[in-house]
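Trainee: What follows is a structure written as structure tokens; I'll ask about it next.
The values are calculated or read from the model by the stated rules, or taken from the named source; none is laboratory data. In this text the structure is predicted, and so the values were computed from the model without any measurement. Positions of Cβ are backbone-derived with ideal geometry, glycine not excepted, and every protein chain shown enters the neighbour counts.
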Amino acid sequence: MAVSHTLPVNPGERWQVVLHDDDHNLIPVVHYLLRKICDHNWETARDLTMAVHEKGGAVVGLHDRETAEAVTVELLRHGLSASFRRAG
Amino acid sequence: MKHQSFSAQPVDGGVQVDMSKGLVWGWGRALRLLSSSYVRGNPFYALRDPRWVLTQPSLLRHLYPDVAESPRQSEEFRRRHRDALADRELVNRVRARWTGPRPIVLTHAEVDEWIAVLGQLRLFLELLAFGRKAIPWASAFQHLLVMAVAPDTFPDPRSQPASAEEATS
């Protein structure tokens, strides 16, 4: 079966970006990248960083699919462990 | 044993990075290996036996296995974003500065590129048995770069004293 190269779009559908804990990314680096990539303020980035660290993962963004994929790409290419999924 | 050091300090115009010759040489080679592994269809990439190249998973599947709700969606995602996930020009830019003339003074944009490539290199090293010892170094280098551009970054709470008494005891 052929693999699609195009992005299927369903207008109105919301997608979550999830950041997962891992053994190698340091807390200050995660905090910095959440501010830089996800545009969170200092406090929100801190809370999300600790949620990832303590609970194994956290939703760090809610977007349309295209944006969710773009954010996921940026997190991944900085060495973070991330994924995206339909919200709700 | 040779002392290996890496430092990143804010200076006028950016961040000055200093490192030992051993780091220049050793990590420069690692960056070259990462860059060459991003070549589409490289049949001699270390993880792939050339005899079985058609059946072995790609590098990106090793690096980013489960990014979506299903394996098929993950594969589609990797293909859509392959150029960004395996950006050889980015790695080559970082490698050129890493091994290039001294002193190294990076702009903040270049620091962000170094943080990204070090993250990718760490993922890559995880796949190579001989590279795993270097993984904490990549994390440490990222940390030093982050603290140089954003010293107000949230610190690791495990490195902070739990109370004033603990701090002064």
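Trainee: Under the condition of being surrounded by 15 or more Cβ atoms within 10 Å (Cβ to Cβ) and β-branched (Val, Ile, Thr), which residue from region A:27-58 is nearest to B:Ser139 (Cα to Cα)?
Mentor: Top of the filtered list is A:Val29.
Trainee: Out of all the residues in region B:139-160, which are in a helix (DSSP H, G or I) and under 19 Å from A:Leu34 (Cα atoms)?
Mentor: Of everything in region B:139-160, those that are in a helix (DSSP H, G or I) and under 19 Å from A:Leu34 (Cα atoms) turn out to be B:Ser139, B:Ala140, B:Phe141, B:Gln142, B:His143, B:Leu144, B:Leu145, B:Val146, B:Met147, B:Ala148, B:Val149, B:Pro157.
Trainee: On the given criteria, is A:Ala51 more than 8 Å from chain B (Cβ to nearest Cβ), outside any strand (DSSP E or B), within 20 Å of B:Thr153 (Cα to Cα) and of a type in the set (Gly, Ala, Ser)?
Mentor: Spelling it out, A:Ala51 is indeed more than 8 Å from chain B (Cβ to nearest Cβ), outside any strand (DSSP E or B), within 20 Å of B:Thr153 (Cα to Cα) and of a type in the set (Gly, Ala, Ser).
Trainee: Hey, another quick one. Report yes if some residue within region B:81-88 is under 27 Å from A:Ala51 (Cβ atoms) and in contact (Cβ under 8 Å) with a residue 24 or more places away in the chain; otherwise report no.
Mentor: yes
Trainee: Hey, any hits in region B:105-121 for a residue that's crowded, with 22+ Cβ neighbours inside 10 Å and not in a helix (DSSP H, G or I)?
Mentor: yes
Trainee: I would also like to ask the following. Identify all residues within region A:57-88 that are in contact (Cβ under 8 Å) with a residue 40 or more places away in the chain, facing another protein chain (nearest Cβ under 8 Å) and within 27 Å of B:Val91 (Cα to Cα); write none if there are none.
Mentor: A:Glu69, A:Thr72, A:His78, A:Gly79, A:Leu80, A:Ala82, A:Ser83, A:Phe84
Trainee: Okay, next question. Restricted to region B:13-68, and to residues that are modelled with pLDDT under 90 and of a type in the set (Lys, Arg), which residue is nearest to A:Ser83 (Cα to Cα)?
Mentor: Looking at the filtered set, the residue picked out is B:Arg61.
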